[in-house]
1. Ser227 label point, 7 Å along Cα→Cβ, cut-off 14 Å on backbone N: hits in the stretch 334-357?
2. Highest first, please rank the peptides 300-311, 38-49 by the mean number of other Cβ atoms sitting within 10 Å of their residues.
3. Around Ser113, with a cut-off of 14 angstrom between Cβ atoms, what is the net charge of the other residues, counting Lys and Arg +1 and Asp and Glu -1?
4. What FRET efficiency, computed as 1/(1 + (r/R0)^6) with R0 = 35 Å and r the Cβ-Cβ distance, is obtained for Ala392 and Met111, rounded to the nearest 0.05?
5. Per residue, how large is the accessible surface of the stretch 135-204? Use a 1.4 angstrom probe and give square angstrom.
6. With θ set to phi - 60° and the Karplus curve 6.51 cos²θ - 1.76 cosθ + 1.60, what are the ³J(HN,Hα) couplings of the stretch 24-33 in order, to the nearest whole Hz, using x for Gly and Pro?
7. At what distance in angstrom do the alpha carbon centres of the stretch 347-384 and the stretch 205-246 lie from each other?
8. Pairing the Cα long axis of helix 124-139 with the longest principal axis of the chain, what angle in degrees results, from 0 to 90 and rounded to the nearest 10?
Amino acid sequence: MPFSLLKYGLSNDYPFEKNADLPAPTELKSHYDVVIIGGGGHGVATAYYLAKYHGVTNIAVLEKGYLGGGNTARNTAVIRSNYLTSEGVKFYKQSVDLFQGLSNEFDFNIMYSSRGQLTLAHTDATVRSFRQRTEVNKHFGGRTELIDPQQIQELVPTLNMNPADMPILAGLWHIDGATARHDAVAWGYAKGATQRGVELHQLTEVTGVTVEQGKVTGVTTNRGKVSCGCVVQAVAGNSSLVAAMAGIKMPITTYPLQAMVTQPVKPFLDPLVSSSALHCYVQQTGRGEIVFGGGSDPYPLYNTRSTLDLKESLLASAVEMFPFMANLKLMRQWAGITDMTSDYSPIMGLSPVENYYLDAGWGTWGFKSTPICGKTMAELVASGGKVPELIAPFAMDRFDVFRQVNEMGATAASH
């Protein structure tokens, strides 16, 4: 054993403790310029961009649990921009671009891995829709192609080309598809924000929002009350519940979303492979584990408990795609809670309450939007409520004037 390893193993003071990534907990101040409700990826990303690029540092990020412990820790870490609408493609394309430079931005490894995503078409109608998605993606700078069965077989030799008696007719090959370590993304943003003066308060639950004459003036927490200039709500699956504290009713329905992972095996699968017809997507991690994800549970519920029904149906579809997986052992199963809008696009920007800003309705693509969401929400706050052009289509009032941004068909495993 190296002497240096033994030395530090027997020491009470490790080198990394002298320069902790996050500062020690502090008391809440009586006032902040900005209060961000939610200490997940979106919340700390917004704080980071506000502090670094806009000079706003009197910020409190309030998290009822721990940093990145909500949906940030309960997703499958997929990054992509192959959406249906021009608004969606432009938005997520910028997020992919930001993800690619995050490790350098933070000086902190987020384990970004460019893998590519392959979505399978089993019907002529799906092939036609993939042609449209290909052209929209190319138009806005995304690298997406329509490939034939021979190219699919060369790309993924172990894939069954006739799963569940549904022959694969074509594939949407999204070269920009990637993964990153979700915990590292949250910690990178949190570290950069707190180094610039932002306060991260974990185990601090917001229990009320103070609104006076139509304007937010503060929040109540389990540690006391604080006043503030504005509030950013970024609480993933609890968006409707938190917004209700401010008297805001949101057009959102919340569903559980489950995933699972197998024992590690030798590398065999580089791309992310999905089939909306089978409601299943499959990827292999850098450690060799195989991750399965699928559609949301078919009933509204605030619950992160796994279920046997989903396990059976999802694994049956995965085995249809890769038959040899029937011999593997399942290691873990988990669930998150997702806020779904009727058009499967997020709600970002202004709310009916002055200076209360919304970051909600992400459904199943909250993680992949983390950098661009933080950047644009920071611009919104720093400008005093001037909505950035990129997120203007995602305003909540679009449902009142019938300007939906329909991304229903863009899910990796349709819900």
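1. It comes to no residues whatsoever.
2. 38-49, 300-311
3. With Lys, Arg at +1 and Asp, Glu at -1, the neighbours total +2.
4. 0.60
5. Computed with neighbouring chains in place, this is 44 Å² per residue.
6. Karplus-based 3J(HN,Hα) across the stretch 24-33 equals 5, x, 10, 6, 5, 7, 6, 8, 9, 5 Hz.
7. Distance between centres, Cα-based: 15 Å.
8. Once rounded, one gets 50 degrees.
The values are calculated or read from the model by the stated rules, or taken from the named source; none is laboratory data. This one's a predicted model, so the numbers in the text were calculated from it and none came from an experiment. Glycine gets a Cβ as well: all are built from the backbone with ideal geometry, and neighbour counts include every protein chain shown. Heads up: the accessible areas ignore ligands, DNA and RNA and are worked out on the full protein's heavy atoms, side chains in. Shrake-Rupley method; radii C 1.70, N 1.55, O 1.52, S 1.80 Å.
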